[in-house]
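**Student:** Take this structure first; my questions come after.
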Amino acid sequence: MPLIIYLMLKKLNALILGCIFLFVTPIMAVAESTSDLLVGTHLARVIIPRAVVYSDENMNSPLGYISNDRLITVGNPRKKNPDLVPLIVYGRLAFIEAKSIHFENESIETLNAKRGAPREHNIDIILIKPEEKLSENNSAYFAIHEYGAGNDTKNLYSAIEGNEKSSIVGYDISLIHRQVNGKMFWGGAFEYNTITSSNIDLSFYVLKPILGYTLMRTSLFLLDLNLSFDFTVGAQLKIKSNLDTEPNAFIYGPTFGGKIVFFPNNKYHLFGVMAYRNYKVLQIENVYDSNEKLINGIGSINGLEIGVGLAFEI
C-alpha cells in the first residue's frame, strides 16, 4: 500500500511542476527579450569634429552631422556593414560610422538614474544641417593617363616618320569639391599631354573645369560620372626636320567619362578613369615638311581615355 501511494504522489508532483513551467517559460522568454533590447542600445560619444549621419547604409544621402563630444544613443553595429551603427533621427532609422564614435562604459540605466526619470535621447536637437563650405569636403587627385590621338595625328606621323603614333600620354592633377547634402560635385584639373617621335613632338597644357555626379557610393567604392570642357593654355607642334618656325595650336573640346574611387571613406584613395575625349584643333590643320611641301596636319583629336591614380582628402 505505501508503494502505491508513493507512485501516485510522484506522478502528482510531475503534473504540478508541468503546470508551473507552462507559466514560467513565457515569463522567462519575455525577460530574455527585454534583456536583449537593453543590450542592443548603447550610449556613445562623438569623437570627431563632424560625424556625418546618413539615411541609408550605402552612405549616399547625408542627413547632417553631429558635433564633437555629443552623447547619442545607438544600436549594435550592422551585420551587413560592421563599420556602421544605427540610430534614430526624426523618427526614422539612420546610420553613423563606427569610427566616428566611442562607446561609453557607463550603462544607459545608470545614466538615466543620474538624470532622474528615464528618457530617450533627443537626437533631433543636436543634428545640424551641413553647411556648404569651400574649405571642406575637398579632394586632390593625381593621375597618369593615355588616350587616342585620332586619325589626323596618326596620318601626320605616318607621312613624316613612316610609322603611326596612335596615343597621347600625360599626367594631371584635379581638385574636387563634393556637396555635403547631395551627389553633385565640381572642380578643375590641370594636365600636361604629349606625343613624341624622333622628328615630331606635339605637347600641350590643358585646363579642365569639371562638373560631376556620384552615381553610386558604398564603403568600398564610389562611382562618379563627370563632364568637362577642356582647352589648352599652350600647345606647340615641333617638326625637327622642318625649316619653318614651329607652329602654335589651340585645342578645345569636351570630355565625358566615369571614375571609380576605392575606399572613399578613408583619407587616401585609389582610383581609375575611363572617358572619351573629342577635341577640335586649330592653327595646325596644315603643316610643311622639310621640302616645304604642304601636307595635312591635325584638325581633331579624339579617342578613348584610361587612367589610374592616387587621391587624398584635403
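The values are calculated or read from the model by the stated rules, or taken from the named source; none is laboratory data. Just so it is clear, the model here is predicted, and its values are computed rather than measured. As a convention, Cβ positions derive from the backbone with ideal geometry for all residues, glycine included, and neighbour counts pool all protein chains shown.
**Student:** Any chance you could count how many residues in segment 128-173 are of a type in the set (A, V, I, L, M, F, W, C), modelled with pLDDT under 90 and out of contact with any Asp or Glu (no Cβ under 7 Å at 6 or more places or on another chain)?
**Tutor:** Residues meeting the conditions: 4.
**Student:** Now for a different question. So, residue 212, is that one loosely packed, with under 15 Cβ neighbours inside 10 Å and closer than 30 Å to residue 63 by Cβ or not?
**Tutor:** No; evaluated as a whole, the condition is false for this residue.
**Student:** While we're on this one: Identify, by number, the condition in (1) modelled with pLDDT of 85 or more; (2) surrounded by fewer than 16 Cβ atoms within 10 Å (Cβ to Cβ) that residue 66 doesn't meet.
**Tutor:** All conditions are met except number (2).
**Student:** Moving on. If I filter segment 267-276 for residues that are of a type in the set (Lys, Arg) and assigned to a loop (DSSP other than H, G, I, E, B), do I get at least one hit?
**Tutor:** Checking segment 267-276: at least one residue is of a type in the set (Lys, Arg) and assigned to a loop (DSSP other than H, G, I, E, B).
**Student:** Could you count how many residues in segment 153-174 are part of a strand (DSSP E or B) and either of a type in the set (Gly, Ala, Ser) or surrounded by fewer than 17 Cβ atoms within 10 Å (Cβ to Cβ) (or both)?
**Tutor:** Final tally of qualifying residues: 6.
**Student:** I'm trying to understand the selection: among the residues of segment 70-107, which are free of Cβ contacts under 8 Å to residues at least 40 places away in the same chain and assigned to a loop (DSSP other than H, G, I, E, B)?
**Tutor:** 76, 77, 78, 79, 80, 82, 90, 91, 105
**Student:** Can you spot a residue in segment 284-300 that is in a strand (DSSP E or B), modelled with pLDDT of 90 or more, farther than 30 Å from residue 59 by Cα and not hydroxyl-bearing (Ser, Thr, Tyr)?
**Tutor:** no
**Student:** Spot the failing condition for residue 233; the list is (1) out of contact with any Gly (no Cβ under 9 Å at 6 or more places or on another chain); (2) at pLDDT 95 or above; (3) surrounded by fewer than 17 Cβ atoms within 10 Å (Cβ to Cβ), and only one is missed.
**Tutor:** Among (1) out of contact with any Gly (no Cβ under 9 Å at 6 or more places or on another chain); (2) at pLDDT 95 or above; (3) surrounded by fewer than 17 Cβ atoms within 10 Å (Cβ to Cβ), the lone unmet condition for residue 233 is (2).
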